[in-house]
Amino acid sequence: MAATQRQETERTETVIRLSAYSVPRQRDADLDHLSARELECAHLVAKGFSNKEVGQMLNISHWTVAAHLKTTYVKIGISRRTELAYIMRGLL
């Protein structure tokens, strides 16, 4: 059990470290209005993680992740998770 928990912790630390690198994108002006936590959630969602996985990585509930994503969608004028992934990856 301890080995599994240690592996999960190492994975989480790696993902958070990797998510700190910015991805080139065209909508920088829109993303400037996001909080640090909203950006963290957006980066991890763009990498394909579920709300539950993002919550576990950031030590917050999946409901909090959903709330951050909802405010992110409103702030940058989108309505879908896929759009967020495209924006974060610089495709829109």
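The values are calculated or read from the model by the stated rules, or taken from the named source; none is laboratory data. Here the structure is a predicted model, which is why all the values come from computation and not from measurement. We place every Cβ from the backbone using ideal geometry, glycine too, and count neighbours over all the protein chains shown. Areas reflect the complete protein model, heavy atoms only, side chains present, ligands, DNA and RNA absent. Shrake-Rupley method; radii C 1.70, N 1.55, O 1.52, S 1.80 Å.
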Query raised in the report: Quick check: anything in the range 50-65 of a type in the set (D, E, K, R), farther than 17 Å from ARG11 by Cβ and either open to solvent by 60 Å² or more (accessible area, probe 1.4 Å) or not in a helix (DSSP H, G or I) (or both)?
Result: no
Query raised in the report: Which one is farthest from LEU84 (Cα to Cα), of the residues in the range 40-49 that are free of Cβ contacts under 8 Å to residues at least 40 places away in the same chain and open to solvent by less than 40 Å² (accessible area, probe 1.4 Å)?
Result: PHE49
